[in-house]
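The values are calculated or read from the model by the stated rules, or taken from the named source; none is laboratory data. Note that this is a predicted model, so its numbers are computed, not measured. Cβ atoms come from the backbone with ideal geometry, glycine included; neighbour counts cover every protein chain shown. With ligands, DNA and RNA removed, areas are computed over all heavy atoms of the protein, side chains included. Shrake-Rupley method; radii C 1.70, N 1.55, O 1.52, S 1.80 Å.
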Amino acid sequence: MQNLSLIQTLGQKLSPQQIQFIKLLQVPTAELEARIKEELEVNPALEEGKEEAEDQAEEETEEASEELDIEDYLNEDDYAGYKMQGDGNGAEEAREMPISSGSSLHEQLVVQLGFEKLDERQTLIGLQLIGSIEADGYIRRDLEAIMNDLAFSQNVETTEEELEEILYKIQTFDPSGIAARNLKECLLIQIEKRNDLSEENILAHKIVSSCFDEFTKKHYDKISKKLNVSDEQLKAAVQLITKLNPKPGGITDGLVKTQYLMPDFILTNNDGKLELTLNSRNAPELKVSRSYTDMFQSYHKSDKKDKKLKETVSFVKQKLDSAKWFIDAIKQRQNTLLNTMNAIIKYQYDFFLEGDESKLRPMILKDIAEIISMDISTVSRVANSKSVQTEFGIYPLKYFFSEGIATDSGEDVSSREVKQKLKKHIENEDKSKPLSDDKLEKLLKADGYNIARRTVAKYREQLNLPVARLRKEL
């Protein structure tokens, strides 16, 4: 719930254009098409399609008053027929398809769990929770019962708090709303995951969190009175809630199509040269409506004292502004995504060439933010909600950012860097007297890494390296 209050606070400081950009930046490729359709439905000044060259040539360029500047809407290449980069070549058909038409819900969740950088114990807990998810996407078993299962079948003692902590991680996975314990929690997860700064999203959260009984019984008058909102505000929020998915598990056979399988970027290796494109589903061609610009232009030839005409022009201007802002936000989204991903590729170039995890360099959000000269929060929004298709598989972008470990100098390093050091020590050991985990811990501390023996054991297991006595050679 803290997220919503933070979003509400941020919303008071950002302009409508900034809010629109942030909202669009966070939308995954699979949902962007639906978001654009929503905008097309509510704004008649926004249209799909490309501006005809002949029409553009015939456009008049006479200036309007400062208050209503028609030049903002006419003869602008940026807005007339804006289309996403990476569209229109022969590979478009292949790039716009998801990687798989469907796979087991549990398989998809297990894959996503693998990117969470959990230790072996936490992974076992996560797998037990995923195994408890029913076909419709809910966990209906009590956490206490799942704790007992873990104790008896996996010999893992845990607490309800630890179980819940890992459950919350799973609830961030796709499809949105998965692993909820009831419908109320399912809807709240989806509302919060939207990261939407709009009034209707914040109100929708209030309705579900504090008026859920009234909502299920359709006692809308009670909700209006309790939350002190107008019928119009309530209607918008209720429409948002009713569009959410009450069964995130999908169809009954457990096969689902999720956004997780649709990458936002496609990275190809052409003879050692890495080439990045955005998934071609990122946006259709968008333009500002010709009929609306004509209507706006006709204002010059009309009686400017006519009150009704002024109201009409004000409405037209508002819709034109909104269309222009939306197209600009889509364009900004594209540029930010490409800039961020290109910076990640340059930083982790060796990994993307070979797919070798040991080649991953320690990397934090600040590193990429400095390269592209943007806020860390912007990079975070991209990293937390996007994925890239490589020849080695699909990776969420957050996979490439480091898990921090403190060094003697107080700096953070990647766990991968520690694993590489650990691997080298084992490779260089005297095989007749292999190094115990205690000795490895001391060596790593001598290298400057503050690391516990149990963490050494965890990393050694993750590297599929046996214990010292099994590494001994005569």
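Probe radius 1.4 Å, ligands and nucleic acids ignored: give me the carbon and sulfur share of the accessible area of segment 320-474 as a rounded percent.
46
For a quick size check, give me the Cα extents of segment 319-368 along its three principal axes, largest first, whole Å.
52, 21, 12
Run the numbers for Leu183 and Ala452: contour at 0.36 nm per residue of separation, minus the present Cα-Cα distance, in nm.
92.7 nm
In segment 137-189, what percent of the accessible surface is made up of carbon and sulfur (1.4 Å probe, ligands and nucleic acids excluded)?
46
Between Glu134 and Ser377, what length in nm is gained on full extension when 0.36 nm per residue of separation is reduced by their alpha carbon distance?
Between Glu134 and Ser377, full extension yields 84.0 nm more.
For a label point 7 angstrom out from the Cα of Asp119 toward its Cβ, which stretches of segment 442-461 have the backbone nitrogen within less than 17 Å?
Residues 442, 445, 450-461 qualify, since their backbone N sits under 17 Å from the label point.
Per residue, how many Å² of accessible area does segment 329-474 show with a 1.4 Å probe?
Working: 7570 Å² over 146 residues.
Here the per-residue accessible area is 52 Å².
Between Ser432 and Lys225, take the C-beta separation as r, use R0 = 60 Å, and let me know the FRET efficiency to the nearest 0.05.
About 0.15, to the nearest 0.05.
Which entries in the list Lys424/Lys458; Lys310/Lys331; Lys225/Lys310 go over 25 Å, if you measure between the two C-alpha atoms of each? All intermediate terms of the calculation are to be shown ahead of the outcome.
Values: Lys424/Lys458 16 Å; Lys310/Lys331 31 Å; Lys225/Lys310 36 Å.
Beyond 25 Å between Cα atoms: Lys310/Lys331; Lys225/Lys310.
Grab the beta carbon distance between Glu160 and Asn335, set R0 = 41 Å, and tell me the FRET efficiency rounded to 0.05.
Step by step, r from the Cβ atoms, then E = 0.35.
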